[in-house]
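The values are calculated or read from the model by the stated rules, or taken from the named source; none is laboratory data. Everything quoted here is computed from the prediction, not taken from an experiment. Every residue, glycine as well, gets a Cβ built from its backbone with ideal geometry; the counts of neighbours run over all protein chains shown.
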Amino acid sequence: MSGGTINALLVDDAEIEYRSLDRMLQKIAAPRYRLDWASSFAEGLAALQSDQHEVYLIDFKLGPDSGLDLIRSARERGLMKPIILLTAYGNAAVDAAATEIGANDYLAKGEFDAVILDRAVRYATRHAQKVAEIAQRLAQTRAVVDELKLETERRKNVEAELSNVLGRTVSEQEAERRRITRELHDNIGQSVTLLQLGLGALEHCPVLGCELAQKAAELRGVTRRMSADLHRLAWEIRPASLDDLGLETAISQLAAEWGRHSGLTFDLHLALGNRRLAPDVESALYRVVQEAITNVVRHAEAKHIGIILEVRDNEVICIIEDDGRGVSGDSTQSDAGAKRLGVLGMRERLMLVHGVLELESSAGGGTTLFARVPL
């Protein structure tokens, strides 16, 4: 628009239509219209590409060509200005076709005057502005969606890398646990055993009431306690049975050990038999059971723990259930924090073997953990 004048373009192969429409527009006092004319599809396309007009009026039939194709081409090239389709016959089919290819309005020739034409231009202009605003918001939304996709992909890559690092860390930790256990058992354990034997020989002092024999007996008692402590420490770090005999035996020994020290009663239903799982799966499930029992002993005030281990539908299922106090409103903040950290650690371990952990608990109703790992 220049100086209050609307620059319009008519694309029609009949000059008489141009002159008639120009006379009609001159009757409009305000705003003023200046009408240009393109007499063919090619001229109209060139004018649309130059984008020098505020409004476009395009005839339905352009000789051998279609005005609908011209409008469609203009919209595909990004032109957002108002376009009015001129047709010899107006009906619902024309209305639908005009809307589908991107026209903002249509007028039937011979059925409109200057007032209707001016109103159609105003309507088409508002409609085009709304469409342009929607297109802009849609483009902004798409840009946000694309950015979110990129951010999601970046986050997935970071999480995958963190998972790999965590997996390597856990594997290295378990390997280090094996090494320490072997060191305690094979080297330090053997040394303590040899020390016990030497002290046993010193006990048989030929001199009656030999003070050295008494001291040797005392020291031998110390070494026996050291040997028991070393054995317990090696077992806590990583039980040899987990590597040598499998997950069922390791869990049975874990339950027996806790039963002796805590007074808990264990009900075990372990149905793997002689089946061995992948080493990382056995390690993950063993640590989950170990952490779950530790949490029960520290926080649950339970008397009974049930453990189920079996294979269902190509998954290994481990269920740990206690009859403790569960999650209650009067739990201390430190207790709740410790439980959350314990559950978080279990979930992280299971995630490394593509497993999941679910927890059900109620105040006074105990807690049940469901661990599932695909085979």
Quick one: would you say residue 90 is more than 24 Å from residue 28 (Cβ to Cβ) and crowded, with 17+ Cβ neighbours inside 10 Å?
-> no
Kindly indicate the residue of region 86-100 that is in a helix (DSSP H, G or I) and β-branched (Val, Ile, Thr) and also nearest to residue 61 (Cα to Cα) among those meeting that condition.
-> 94
Breaking point among (1) in a helix (DSSP H, G or I); (2) out of contact with any strand residue (DSSP E or B) (no Cβ under 6 Å at 6 or more places or on another chain); (3) closer than 19 Å to residue 36 by Cβ, for residue 71 | (2)
Failed item, numbered, when residue 316 is tested on (1) touching a Gly at 6+ places or on another chain (Cβ under 6 Å); (2) within 18 Å of residue 350 (Cα to Cα) = (1)
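If you check residue 8 against the conditions, is it closer than 18 Å to residue 125 by Cα, surrounded by 14 or more Cβ atoms within 10 Å (Cβ to Cβ) and either in contact with a Leu (Cβ under 6 Å, 6 or more places away or on another chain) or assigned by TED's automatic domain parsing to the domain that holds residue 90 (or both)? If you could, list the steps in order and put the result at the bottom.
Values: closer than 18 Å to residue 125 by Cα: yes; surrounded by 14 or more Cβ atoms within 10 Å (Cβ to Cβ): yes; either in contact with a Leu (Cβ under 6 Å, 6 or more places away or on another chain) or assigned by TED's automatic domain parsing to the domain that holds residue 90 (or both): yes.
It is true that residue 8 is closer than 18 Å to residue 125 by Cα, surrounded by 14 or more Cβ atoms within 10 Å (Cβ to Cβ) and either in contact with a Leu (Cβ under 6 Å, 6 or more places away or on another chain) or assigned by TED's automatic domain parsing to the domain that holds residue 90 (or both).
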Quick one: in region 11-38, of everything that is surrounded by 17 or more Cβ atoms within 10 Å (Cβ to Cβ) and among the hydroxyl-bearing types (Ser, Thr, Tyr), which residue is farthest from residue 98 (Cα to Cα)?
-> 33
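From the list 98, 128, 135, 124, which one is in contact with a strand residue (DSSP E or B) (Cβ under 6 Å, 6 or more places away or on another chain) and touching a residue at least 40 places away in the same chain (Cβ under 8 Å)?
Numbers: 98 fails: touching a residue at least 40 places away in the same chain (Cβ under 8 Å); 128 fails: in contact with a strand residue (DSSP E or B) (Cβ under 6 Å, 6 or more places away or on another chain); 135 fails: in contact with a strand residue (DSSP E or B) (Cβ under 6 Å, 6 or more places away or on another chain).
Of 98, 128, 135, 124, the one residue that is in contact with a strand residue (DSSP E or B) (Cβ under 6 Å, 6 or more places away or on another chain) and touching a residue at least 40 places away in the same chain (Cβ under 8 Å) is 124.
How many residues, within region 289-317, are on the phi > 0 side of the Ramachandran plot and over 29 Å from the mean Cα position of the chain (by Cα)?
First pass over region 289-317, keeping only residues on the phi > 0 side of the Ramachandran plot: 301, 313-314.
If we keep only those that are over 29 Å from the mean Cα position of the chain (by Cα) too, we end up with 301.
Selection size over region 289-317: 1.
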